[in-house]
2 protein chains.
Amino acid sequence: MTKKKRIVVIGGSASGPKAAAKARRIDNNAEVVILQKEADLSMASCGYPYYVGGFFNDRNQLLCTPTGVVRNPIFYLNAKNIDAEVSTEVTAIDTQNHSVAFKKLATGETGTMVYDKLVIATGSVPRMPPVPGVDLTGITTLQSMKDADFLRKVRDEGKIKKAVVIGGGLIGIETCEALQLAGIEITVIELLPQLLTFLDLELAKLVENHVKDKGANVITDNGIAAFLGENGKLTAVKLQNGTELPCELAVVAIGVRPNVKIAKEAGLKIGDLDGIDVNEYMQTSDPDIYAVGDCVETVNRITGKKVLAPYGDLANLQGRVAGENAASINCVTFPGTIQTGICKVFDYAAGSTGLSETAAKRLGLSNVITVINASPDKPGFMEGKLLITKLIADSQTGRVLGAQCIGPGNVSKQIAQWAIAIQGKLTVEDLINADLPYAPPFSLAIDHFIATAHLMQNKMKGRLKGVTCKEVWEKVQKNEKPFLIDTRGPDEFEQIRLGIGETLIPLGALRKRLQELPEDKNKEIICYCKISLRGYEAALALEGNGWKNVKVMEGGITAWPYPREK
Amino acid sequence: MTKKKRIVVIGGSASGPKAAAKARRIDNNAEVVILQKEADLSMASCGYPYYVGGFFNDRNQLLCTPTGVVRNPIFYLNAKNIDAEVSTEVTAIDTQNHSVAFKKLATGETGTMVYDKLVIATGSVPRMPPVPGVDLTGITTLQSMKDADFLRKVRDEGKIKKAVVIGGGLIGIETCEALQLAGIEITVIELLPQLLTFLDLELAKLVENHVKDKGANVITDNGIAAFLGENGKLTAVKLQNGTELPCELAVVAIGVRPNVKIAKEAGLKIGDLDGIDVNEYMQTSDPDIYAVGDCVETVNRITGKKVLAPYGDLANLQGRVAGENAASINCVTFPGTIQTGICKVFDYAAGSTGLSETAAKRLGLSNVITVINASPDKPGFMEGKLLITKLIADSQTGRVLGAQCIGPGNVSKQIAQWAIAIQGKLTVEDLINADLPYAPPFSLAIDHFIATAHLMQNKMKGRLKGVTCKEVWEKVQKNEKPFLIDTRGPDEFEQIRLGIGETLIPLGALRKRLQELPEDKNKEIICYCKISLRGYEAALALEGNGWKNVKVMEGGITAWPYPREK
């Protein structure tokens, strides 16, 4: 009888167990071992904020199969024939001798285990701000099951009245919602000028407005200077501008960094972004060692550049690839990421795929064209909910580079569609006549996705001359005084209006009121309405009547994130 | 001053107004006229069932812009500078003289109007069964605003107790739901063995079970023989097998045929499917005449064959293409359809895109491989809802040919993703590592879409040897006696089980209970569980232990449409 192949996996959260399970399915005879530092296995860590927020109460649901079986070592042994050792920390990898050194955390017992193939899935560690007071009681992250348990206890006890979330990224916003739902007065602090940097500024500001509408406080452009405390307990957070925010709880969510300690010590190649360097087989610089999940660098499929992409879905997919390669030979590849992400923000979702305009500009791409579309996701009579999408394309080839979408509507469907389009290298033109599932309970006759492509096509053909709300706001601030036309009805104007010097001329009256427009046919005119469909029709009508510099404010009032008159 | 170009559009429902509006946007100087036989314009006809069903009460919502302005002739004139003549029937087209003859239905007045370009958007007419009694009072279709008004009145009055819907297609099922919600005892009659023929039989049967669970009656494999009545009023429907179903209302929904009367009389080329023949510019055999919407034949983008595809979304897209070409020169094309459709069925949605297995076989495609995947759309802790997808691919190239999805989950998102993938000519392999928007409120870490691709990959690689529930059911009927293993837990087995001679061996116990399996290692063994993930693991374990003919029942008990023991 030949010796069994032994595949050892370091890490038992997302990508590790997936690699182990796939390896088992590929090689029924191999010995498959998971060494997991934590006491739990296969934690649904992306679910922590929803446990904290009270969306569900049974902690075990974070650790269960869909049929309610807890994924503990007994489950792994019986159902998958995998030896999962929990509370077992791997302290070193000996690549020469093909072995790992481990320590049993409960007993202090140490040992070594040889491997034929090794999969490193050590995840990430939360970044902490380099400021005084970081060790005070009352400061936590939301990265581990222990963190989730702590914050859930905070919720259940109801003693804490004020909390601060440091960091306005995905986890920060999810934590903000969770604590706000727990009845805690919450302030989110973000060093950058905006929340959720996967969005461009104008969409991020709309999300910020929604967060504020829901009762949470948001402070942007301001970092943390110190945690202040008394008797070892947090009492306030001090900001860089000197403001002190009294609070009994602070959640740090300023991002994570790859946990590469043992990989680095073992001499494996670490990339420029401080993640483990892997090839398309998820193989490290040592051919018998694979690495997956938050601890690795992966490739952006659009730019070809290495990126850190610590997402649970990618971790699972990478685990599947490494598991198969480790169990057989290098035969399957991981193509990388387009950095698709989504986040629940109270009644909104905010998602992004591909490149943002900011990212495209940072990369120095020159032919970038963008458009913003606002519409409901379904007809009004089926209670359609708002979607605001920003599409980013290559102005020469029309290839879709990225899309962002926010709002209470079915954002995840929109982003999923754009993600497939980007991965298929499709152009705007390819999507103009897309045949999508239409019925009133599910979409508009021309789906928001297709309408966004239509707007982009109109812009690329020079028919739609768009300006963003941001550009209009800047013009107003600079006192440039373009001729602004709100093309809605008087009743709509009475309810909501920008008050930036606009003239109300309803679209239906425009052709009869042309004498009210500037005599100078070269004067800059900007039209808008609620979502700027009527604004677009108005602009075309004015061009048809000789005005030469007519623009449309993309997304209309719906996409306006700045203060309004009413 | 040069003479203005006149673009005349016949038909004011979906594609006609879209063509007119696009023509106006392309040519601000043209004269654009809509001649509409009905009194209303731009009716959201796909919304009729939801008005009848009481999802909303304001009839005007079917005729309004998103901001609540009724799209009547005044709206068209003021907002779009389009002359919309309602209650105006076009009776003939004179291609020689470039004119149409019309009749004002209110006054009987007749006249002619010359055109430079003509767009025919005459829609479809409902098919009626060629049986006695079709003129009795109480028989209707749900095709026009008048039909919708009539059925809404039925709902509001609450007098009718029993109704029959003839036809189990999309409109039939939507009407069934509407009337059932109105408190009417409803029976759906379908001549074919299944409802919703865009689905393959096994998925259609699951939908049928849901319809029945909701309290509606369904009779398949049985057509109508006659409408029976007394004093001119419907009293019953007689079926081909002799059954008489007493009812006071019958809604006929056996499909539509293109309304080509005036086009045919004008000598325009009519295709083999009795729709107006158009090229990719939506241009008829007369170069100055375009045709769009339900009255035309369009191209299936996968097969290249002509099809009838009377869908509201395609009508709008075709209108946009014809409008631009009519207003300028032939410059934009319509690529055809992949026959994407979706339908609300009580708490389920049922959708399809591309080819069904049935359609692929009917076309004689030889390399067709299918797989069924069942899973929730989100994690259990976020109240995930079931999705069942059947994927159809080319077994040689892996190209995605079609997908169907049903269930209470986010079906429209799944179908939209497959639709983009098919239009991008993507393969299963392209989608294995798709980067989709993941967060627990929106999807599983490995989205149902990706998991479906994984199953197909496993099947194409020969790892997953799947059988459908239908095949298992047939084996059981034929008394073939494969060794059937239910790999769930005893508690699950106690709640629900098939009772087809299966042995309960929970996955976790399987490796210890191998002695209970057939000694003959060539014996056919079929494993399944709730969704057949555990069934798949079990099959691999058995293969690893020497059994050579082990299969997995795809979709598990969740996809089983046949009677169960409990």
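Values as computed for the structure displayed
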| quantity | calculated |
| --- | --- |
| Test: residue in region B:379-388 that is assigned to a loop (DSSP other than H, G, I, E, B), at pLDDT 95 or above and touching a helix residue (DSSP H, G or I) at 6+ places or on another chain (Cβ under 6 Å) | no |
| Any hit, region A:131-150, residues being hydroxyl-bearing (S, T, Y) and surrounded by fewer than 17 Cβ atoms within 10 Å (Cβ to Cβ) | yes |
| Checklist (1) within 26 Å of A:G351 (Cβ to Cβ); (2) in a helix (DSSP H, G or I) applied to A:Q194, failing item | (2) |
| Residue within region B:354-365 that is in a strand (DSSP E or B) and at pLDDT 95 or above present | yes |
| Positions within region A:47-61 being touching a residue at least 60 places away in the same chain (Cβ under 8 Å) and at the interface with another protein chain (Cβ under 7 Å from one of its Cβ atoms), in sequence order | A:Y50 |
| Qualifying positions in region B:321-336 - touching a helix residue (DSSP H, G or I) at 6+ places or on another chain (Cβ under 7 Å), crowded, with 24+ Cβ neighbours inside 10 Å and closer than 30 Å to B:A359 by Cβ | B:A322, B:F334 |
| Condition met for A:I160 (within 19 Å of A:L191 (Cβ to Cβ) and surrounded by 17 or more Cβ atoms within 10 Å (Cβ to Cβ)) | no |
| Residue in region B:126-136 that is without any contact (Cβ under 8 Å) to a residue 40 or more places away in the chain and over 30 Å from B:N325 (Cα atoms) present | yes |
| Given (1) in a loop (DSSP other than H, G, I, E, B); (2) more than 19 Å from the chain's Cα centre (by Cα); (3) more than 25 Å from A:R301 (Cβ to Cβ), index of the condition A:H454 fails | (1) |
| A:R488 being part of a loop (DSSP other than H, G, I, E, B) and either more than 13 Å from chain B (Cβ to nearest Cβ) or touching a His at 6+ places or on another chain (Cβ under 9 Å) (or both) | no |
| Residue that is farthest from the other protein chains (Cβ to nearest Cβ), among those in region A:346-359 that are surrounded by 24 or more Cβ atoms within 10 Å (Cβ to Cβ) and hydrophobic (A, V, I, L, M, F, W, C) | A:L355 |
| In region A:313-344, the residues that are facing chain B (nearest Cβ under 8 Å) and touching a Phe, Trp or Tyr at 6+ places or on another chain (Cβ under 6 Å) | A:D313, A:V321, A:G341, A:I342 |
| Every residue from region A:389-421 that is buried (at least 24 other Cβ atoms within 10 Å of the Cβ), more than 11 Å from chain B (Cβ to nearest Cβ) and not in a strand (DSSP E or B) | none |
| Those strands (runs of 3 or more DSSP E) lying entirely in region B:205-256 with at least 3 residues aliphatic (A, V, I, L, M) and modelled with pLDDT of 95 or more | B:224-230, B:233-239, B:249-252 |
| Subset of region B:428-456 (residues that are more than 9 Å from chain A (Cβ to nearest Cβ), out of contact with any Gly (no Cβ under 6 Å at 6 or more places or on another chain) and among the hydrophobic types (A, V, I, L, M, F, W, C)) | B:A451, B:A453, B:L455, B:M456 |
| Evaluation of B:G499 against (1) of a type outside the set (S, T, Y); (2) away from chain A (no Cβ under 13 Å); (3) in a helix (DSSP H, G or I) (one fails), failing number | (3) |
| Matching entry among A:K425, A:K459 (being more than 28 Å from B:Q61 (Cα to Cα) and either touching a Lys or Arg at 6+ places or on another chain (Cβ under 7 Å) or within 7 Å of chain B (Cβ to nearest Cβ) (or both)) | A:K425 |
| Any chance B:A250 is in contact (Cβ under 8 Å) with a residue 40 or more places away in the chain, farther than 24 Å from B:L355 by Cα and small (G, A, S) | yes |
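The values are calculated or read from the model by the stated rules, or taken from the named source; none is laboratory data. Note that this is a predicted model, so its numbers are computed, not measured. Neighbour counts run over all protein chains shown; Cβ positions are idealised from the backbone, glycine included.
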